[in-house]
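Engineer: Before we start, here is the structure in question, set down as structure tokens.
The values are calculated or read from the model by the stated rules, or taken from the named source; none is laboratory data. Everything numeric in this text was worked out from a predicted model, so none of it was measured. Note that we place each Cβ from the backbone using ideal geometry, even for glycine, and neighbour counts take in every protein chain shown. Ligands, DNA and RNA are excluded from the accessible area calculation, which covers all protein heavy atoms including side chains. Shrake-Rupley method; radii C 1.70, N 1.55, O 1.52, S 1.80 Å.
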Amino acid sequence: MSNENQAPVVWRPDTEMLENSHMGRYRRWLESSGHGLFADYHALHQWSVRELDTFWQTVWDYCGLHCETPARQVLGKRSMPGAEWFPGMRLNFAANLLRTATGEGADREAVVAHCETRPVLRRTYGELLADVGALEAFLRAKGIASGDRVAGVVTNGYEALVGMLAATSMGAVWSSASPDFGIGAILDRFSQIEPAALVLVNGYGYGGKVFDRRGDFGELIGGLKSLRCVVSIQQLPDTAPVSGKLVTAWEDALAAGAGEKPSFTPLPPEQPVYILYSSGTTGKPKCIVHGAAGLLVNHAKELMLHGDVGPGDRFLYFTTCGWMMWNWQASALLTGATLVTVDGSPGYPDLNSLWQTVADERVTHFGTSARFLAGCRKAELTPEKTFDLGSLRVLFSTGSPLLPEDYDWVYSEGAPDALLGSIAGGTDICGCFVGCTPLLPVRRGEIQCRLLGVDAVAYDEQGHPVDGGRGELVCRQPLPSMPVCFWDDPDGSRYHAAYFETYPDVWAHGDFVRFTEHGGAVIYGRSDATLNPGGVRIGTAEIYRQVETEPAVRDSLVVGRQVEGDVEVVLLVVPAQGTELGDDLVKRLKTRIREGASPRHVPRHILAVPDIPYTRSGKKVELAVARLINGAARADNRDALANPEALDAIRDRLAEEKLLPG
């Protein structure tokens with residue numbers, strides 16, 4: 001524990017970043033406006049949660065957000081759930097994202113879209129604004145109106161952004177999925193929200209291969225009886241668009257509405273703009289509804305203040321449209337930055353390809369997954385030597401805990417001059433609880449800080465704050481981007497059960513966390529995957545930190561097996577290419593875990609498997625494997641998995657070792 005508390009500093013902000021980052025300027029602006037003097041980031045954070053209403057009003061004002069009618073107050077009702085943000089306000093979400101698209105800003109690059117199947121597409125803010133107006137006019141002509149749902153089965157590129165902005169300009173609700181989802185997984189999502197319009201591609205490219213989805217998507221259209229129109233994008237240029245009587249080609253839809261401007265309809269602050277989904281690996285996905293004002297102000301804080309994104313910056317977050325990071329990066333448009341989107345495999349033709357794009361496009365902010373950075377480390381990549389990364393200021397990482405060894409790699413071989421911004425939150429808030437700031441150093445293996453306005457602490461099982469120890473990540477005060485509701489949950493019971501059942505009136509997020517003495521955070525994994533051998537709670541990330549830095553291991557997954565009132569730790573290992581899980585490797589792994597963690601962490605069983613199951617957003621599926629080993633016949637929703645065959649292989653391996661019940 002003492003070594004963890006003294007995690008070494010691996011990066012420090014220079015004077016330029018301390019003074020001239022958006023966060024640095026915001027701090028000076030607060031001081032000059034009479035809000036007090038702030039010695040450091042921690043003083044600023046303490047003020048932000050103590051003066052919650054004032055803080056969020058200053059974010060709105062400093063970030064220059066626009067509303068048609070001001071709010072009567074920042075917070076009406078303060079209860080959780082049910083907090084009422086900016087009552088009386090009228091605003092439009094899309095208008096704020098496109099606020100720099102006129103005048104001098106019209107000629108600036110808004111979107112640069114890379115993919116495996118089409119040439120690079122470059123569009124200015126003026127062109128984006130015109131296409132949003134045209135698509136909105138087409139949708140209106142088809143009878144789509146405020147409150148309707150517009151669904152997208154789209155790649156991470158230009159058309160997805162146009163679709164979202166056109167929908168939210170008129171007050172419709174945008175909800176998207178990635179085209180690599182199975183039809184069952186897409187229907188599980190969209191059939192619940194009954195979309196009136198659907199924007200979809202005819203296929204996609206991944207890893208050098210082309211996937212024609214026209215037949216599947218024809219079935220999808222037939223399964224969504226609520227549809228009034230479909231817009232088809234020719235993502236595969238050499239393949240015909242999706243066809244059908246409801247279908248209009250993308251180009252024809254834009255031509256039909258050409259010359260029309262976006263309406264930017266003023267709407268209430270709680271007007272839904274997005275419906276996002278839980279992973280759906282253990283049942284039908286929950287439909288999580290996010291409102292306009294709360295999401296907008298929180299994203300402005302996270303991107304402008306914490307991420308230091310602004311006009312002239314170039315922002316690339318590698319994501320799909322089925323992950324909340326797509327919605328997060330889309331909001332960077334409000335800063336006046338250029339979005340550089342990439343669709344396809346991050347490893348095609350090799351792991352250097354994303355770094356090449358970062359260099360070629362002079363990217364200032366690059367976001368990716370912890371898994372990608374670990375893959376670069378294991379492949380012994382040297383982007384810092386191979387490419388000109390002189391423009392890169394911030395490197396974001398999320399999706400899973402980032403190993404200390406990956407901090408080492410970033411600051412030796414990856415991007416030594418960049419702020420490594422490990423961020424953590426979730427789909428539930430479409431944002432972050434903990435993350436980065438330009439005002440603090442980066443410490444090895446730690447997330448820098450609680451974000452401003454986030455009253456996050458660790459709770460023990462009795463609901464008391466834990467001082468320096470590990471506990472449940474909770475938020476004790478309202479956050480603007482908490483969902484306005486779950487879809488089709490009229491009494492709010494499912495929403496309440498998801499976050500407020502464990503600790504009354506306090507949001508329990510489901511992460512196992514420790515806050516350090518200098519204000520950083522270390523996340524040990526999901527609470528529902530936490531192991532409990534001998535009554536001692538262990539986060540799965542504590543074991544991954546030891547196992548996945550072993551060169552002979554390509555990947556791993558750890559679960560707890562219930563046995564006679566106790567828990568056995570079971571470790572599944574994918575050996576590196578050309579390696580077998582022999583006695584020597586098993587012994588080496590147990591020694592590493594015992595010495596690097598504790599004797600209680602040492603697995604009772606270590607088994608080789610061919611692959612580890614992941615969700616389509618790249619997260620290990622610990623809970624489905626835990627359910628399997630403790631009695632469930634199979635995961636409830638295989639369509640939600642990127643590689644369901646991995647779960648089958650694990651089932652067979654566990655059966656072979658007689659580790660399944662019965």
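Engineer: Please work out if SER369 is open to solvent by 20 Å² or more (accessible area, probe 1.4 Å) and modelled with pLDDT under 95.
Structural biologist: yes
Engineer: Oh, and also: Which of (1) surrounded by fewer than 23 Cβ atoms within 10 Å (Cβ to Cβ); (2) in a strand (DSSP E or B) does LEU198 not meet, given it meets every other one?
Structural biologist: (1)
Engineer: State all residues of segment 210-237 that are in a loop (DSSP other than H, G, I, E, B) and either surrounded by 15 or more Cβ atoms within 10 Å (Cβ to Cβ) or modelled with pLDDT under 95 (or both); if no residue qualifies, say none.
Structural biologist: Of everything in segment 210-237, those that are in a loop (DSSP other than H, G, I, E, B) and either surrounded by 15 or more Cβ atoms within 10 Å (Cβ to Cβ) or modelled with pLDDT under 95 (or both) turn out to be ARG213, LEU224, SER226, LEU227, GLN234, GLN235, LEU236.
Engineer: Right, another one. Please enumerate the residues belonging to segment 305-349 that are out of contact with any Leu (no Cβ under 8 Å at 6 or more places or on another chain), assigned to a helix (DSSP H, G or I) and among the aliphatic types (A, V, I, L, M).
Structural biologist: MET325
Residue by residue, here is whether (1) of a type outside the set (A, V, I, L, M, F, W, C); (2) open to solvent by less than 60 Å² (accessible area, probe 1.4 Å); (3) over 15 Å from ARG653 (Cβ atoms); (4) in a helix (DSSP H, G or I) holds:
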| site | (1), (2), (3), (4) |
| --- | --- |
| ILE523 | no, yes, yes, no |
| ILE543 | no, yes, yes, yes |
| GLN546 | yes, yes, yes, yes |
| PRO551 | yes, no, yes, no |
| GLY560 | yes, yes, yes, no |
| VAL570 | no, yes, no, no |
| ASP584 | yes, no, yes, yes |
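Engineer: ARG514 - would you say it is among the charged types (D, E, K, R), in a strand (DSSP E or B) and open to solvent by less than 10 Å² (accessible area, probe 1.4 Å)?
Structural biologist: Answer is yes for this residue.
Engineer: Just the residues that are of a type outside the set (Gly, Ala, Ser) and out of contact with any Pro (no Cβ under 6 Å at 6 or more places or on another chain), please, taken from segment 369-383.
Structural biologist: As a first pass, look at segment 369-383 and keep what is of a type outside the set (Gly, Ala, Ser): 371-373, 376-378, 380-383.
Once the filter is applied, which keeps residues that are of a type outside the set (Gly, Ala, Ser) and out of contact with any Pro (no Cβ under 6 Å at 6 or more places or on another chain), segment 369-383 yields ARG371, LEU373, CYS376, ARG377, LYS378, GLU380, LEU381, THR382, PRO383.
Engineer: Something else now. Looking at GLY618, GLY631, GLY565, which one is more than 28 Å from GLY322 (Cβ to Cβ), open to solvent by 20 Å² or more (accessible area, probe 1.4 Å), touching a Gly at 6+ places or on another chain (Cβ under 9 Å) and at pLDDT below 85?
Structural biologist: Numbers: GLY618 fails: more than 28 Å from GLY322 (Cβ to Cβ); GLY565 fails: touching a Gly at 6+ places or on another chain (Cβ under 9 Å).
The match here is GLY631.
Engineer: Would you please list the contacts, defined by Cβ atoms under 6 Å and residues six or more apart or on different chains, that run from a residue in segment 1-23 that is under 14 Å from GLY520 (Cα atoms) and at pLDDT 95 or above to a residue that is open to solvent by 50 Å² or more (accessible area, probe 1.4 Å) and in a strand (DSSP E or B)?
Structural biologist: Hits for this filter: VAL9/ARG443.
Engineer: Something else now. Quick one: which residue in ASP584, ASP555, ASP611 is out of contact with any Asp or Glu (no Cβ under 8 Å at 6 or more places or on another chain) and either small (Gly, Ala, Ser) or on the phi < 0 side of the Ramachandran plot (or both)?
Structural biologist: ASP584
Engineer: Hey, can you tell me all the residues within segment 403-434 that are touching a helix residue (DSSP H, G or I) at 6+ places or on another chain (Cβ under 7 Å), closer than 22 Å to MET482 by Cα and either buried (at least 24 other Cβ atoms within 10 Å of the Cβ) or of a type in the set (A, V, I, L, M) (or both)?
Structural biologist: CYS430, GLY431, CYS432
Engineer: Tell me the residue from GLY312, GLY336 that is within 24 Å of TRP60 (Cα to Cα) and open to solvent by 10 Å² or more (accessible area, probe 1.4 Å), please.
Structural biologist: Of the residues listed, the single one that is within 24 Å of TRP60 (Cα to Cα) and open to solvent by 10 Å² or more (accessible area, probe 1.4 Å) is GLY312.
Engineer: Would you confirm, using the coordinates I've provided, whether ALA498 is modelled with pLDDT under 95, out of contact with any Asp or Glu (no Cβ under 7 Å at 6 or more places or on another chain) and either surrounded by fewer than 22 Cβ atoms within 10 Å (Cβ to Cβ) or not charged (D, E, K, R) (or both)?
Structural biologist: Criteria met by ALA498.
Engineer: Just the residues that are open to solvent by 10 Å² or more (accessible area, probe 1.4 Å) and in a loop (DSSP other than H, G, I, E, B), please, taken from segment 182-195.
Structural biologist: Result: GLY182, GLU194.
Engineer: Among ALA101, ALA95, which is crowded, with 21+ Cβ neighbours inside 10 Å, in a loop (DSSP other than H, G, I, E, B) and not charged (D, E, K, R)?
Structural biologist: ALA101
Engineer: Would you tally the residues in segment 246-275 being farther than 20 Å from HIS299 by Cα, in a loop (DSSP other than H, G, I, E, B) and among the acidic types (Asp, Glu)?
Structural biologist: Of the residues in segment 246-275, 1 are farther than 20 Å from HIS299 by Cα, in a loop (DSSP other than H, G, I, E, B) and among the acidic types (Asp, Glu).
Engineer: Still on this structure: What strands (runs of 3 or more DSSP E) lie completely within segment 106-177 and have 1 or more residues being small (Gly, Ala, Ser) and open to solvent by less than 10 Å² (accessible area, probe 1.4 Å)?
Structural biologist: 109-115, 149-153, 173-177
Engineer: While we're here: Go through segment 587-611 and report how many residues are assigned to a loop (DSSP other than H, G, I, E, B) and crowded, with 21+ Cβ neighbours inside 10 Å.
Structural biologist: 2
Engineer: Continuing with this model, one more query. Take SER243 and tell me if it is without any contact (Cβ under 8 Å) to a residue 40 or more places away in the chain, open to solvent by 10 Å² or more (accessible area, probe 1.4 Å), touching a helix residue (DSSP H, G or I) at 6+ places or on another chain (Cβ under 9 Å) and not in a loop (DSSP other than H, G, I, E, B).
Structural biologist: Here the answer is no, as SER243 does not meet what is asked.
Engineer: Could I ask something else about it? Of the conditions (1) modelled with pLDDT under 95; (2) surrounded by 24 or more Cβ atoms within 10 Å (Cβ to Cβ), VAL273 clears all except one; give me its number.
Structural biologist: Going through (1) modelled with pLDDT under 95; (2) surrounded by 24 or more Cβ atoms within 10 Å (Cβ to Cβ) one by one, VAL273 breaks only (1).
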